[in-house]
Amino acid sequence: MANSLTVYRNYADSGTLSSGTWSSTLPLSNLADRQLSKTARSQSLSTTATQFDLDFGSIETVKFVGALRHNLTQDGQWRIRLSTASDFATTEHDTGWQDIWPSIIPFGVGLWGEYYWGGKVDPAEASTYGIAAYEVIASPVRVRYMRIELDDAANPDGYLEAGRLIVAPAWEPTINLQYNWSLEQVDESRIVRSRGGQAYVDSKPKFRRLKFTLSDLQRDEMLGNAYELERLKGKGGDVLIMVDPDDAQHIHRQTVYGHLADTSAITNPYSTRFSKEFTIEELI
């Protein structure tokens, strides 16, 4: 199990997005909006239409790239390049073309009753999560420019789209989250029973709630990350938490893009060690 990964700074929010050919009503700039339903949509499936660049404005550290709530099929591919050169003549990181839906389970292996074609999540199940693609870079790079290319020529929608772009550094705590962390499905639907006993449901969308505690961290790590996360984001900003980046089989279940449900104190229970509790509620 790898230590958790927390992303709360995002160069897409302040950088300049360009290139490709995008809808005038669903423009490329929508990738910088935290609302996943506000998508950026290409005008066609041509690879020249579906690529885009991001200029951070200055040299920055990148550890994580994410494309959330995209519509690429299981045959779709993407390529990410990170560079200090605006023409990408040289790169600090180049994924090459790779499947945007990773093979999370070896063929023929999985939980009892589950079936994954080629190890990929079933499209019906993926749609209930809002399928996302992640690239966690082993060694962070210092760059200014990013280019993402998308290829899904047979997509039945006739266009490619995504709801959120995240390009960021990431905090991997030196001491992992404590045991007894929890992940729950929250259903705020209201059920009313009639006098005859029939149940009538006022259905609401479900969302996930992740609770965990980080403890025994040194002062500089806690104040430089947890304090800054809460100061910058409060309850209204967006964050992404990967409970275990190494757990390929359940990464779509244990990665939550959301917001702080509430603020909480950083405590100093003893000596130079600090603790903090987090509650993240999913944005849908």
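A few notes on this one:
- Residue match in region 181-198 (condition: surrounded by fewer than 11 Cβ atoms within 10 Å (Cβ to Cβ) and hydrophobic (A, V, I, L, M, F, W, C)): yes
- Test: K204 is among the basic types (K, R) and surrounded by 13 or more Cβ atoms within 10 Å (Cβ to Cβ): no
- So R142, is it of a type in the set (K, R), surrounded by 11 or more Cβ atoms within 10 Å (Cβ to Cβ), under 30 Å from K276 (Cβ atoms) and at pLDDT 95 or above: yes
- Test set (1) touching a Leu at 6+ places or on another chain (Cβ under 7 Å); (2) over 16 Å from E135 (Cβ atoms); (3) not polar (S, T, N, Q) - M1 fails condition number: (1)
- Subset of region 20-71 [open to solvent by 60 Å² or more (accessible area, probe 1.4 Å) and not in a loop (DSSP other than H, G, I, E, B)]: S29, R41, T47, T48, I59
- Taken over region 227-284, the criterion of being among the aliphatic types (A, V, I, L, M), over 15 Å from A133 (Cα atoms) and in contact (Cβ under 8 Å) with a residue 60 or more places away in the chain is satisfied by L229, L232, V239, V243, I280, L283, I284.
- Some residue of region 176-198 being closer than 28 Å to L17 by Cβ, not hydroxyl-bearing (S, T, Y) and not in a strand (DSSP E or B): no
- Residues within region 85-132 that are exposed (fewer than 14 other Cβ atoms within 10 Å of the Cβ), part of a loop (DSSP other than H, G, I, E, B) and at pLDDT 80 or above, tallied: 7
- Output for region 212-233, where each listed residue is in contact with a Leu (Cβ under 7 Å, 6 or more places away or on another chain) and surrounded by fewer than 19 Cβ atoms within 10 Å (Cβ to Cβ): T213, K233
- Summed over region 256-284, residues that are under 20 Å from I104 (Cβ atoms) and either out of contact with any Phe, Trp or Tyr (no Cβ under 7 Å at 6 or more places or on another chain) or open to solvent by 50 Å² or more (accessible area, probe 1.4 Å) (or both) total 2.
- For beta carbons closer than 7 Å, sequence separation of 6+ or different chains, a first residue in region 163-178 that is in contact (Cβ under 8 Å) with a residue 40 or more places away in the chain and open to solvent by less than 10 Å² (accessible area, probe 1.4 Å) and a second that is in a loop (DSSP other than H, G, I, E, B) and aliphatic (A, V, I, L, M), the qualifying pairs are G163/L36; R164/L36.
The values are calculated or read from the model by the stated rules, or taken from the named source; none is laboratory data. The structure presented is a predicted model; accordingly, all values stated were derived computationally and were not measured. Positions of Cβ are backbone-derived with ideal geometry, glycine not excepted, and every protein chain shown enters the neighbour counts. Ligands, DNA and RNA are stripped out before the accessible areas are found, and what is left, the full protein with its side chains, is counted by its heavy atoms. Shrake-Rupley method; radii C 1.70, N 1.55, O 1.52, S 1.80 Å.
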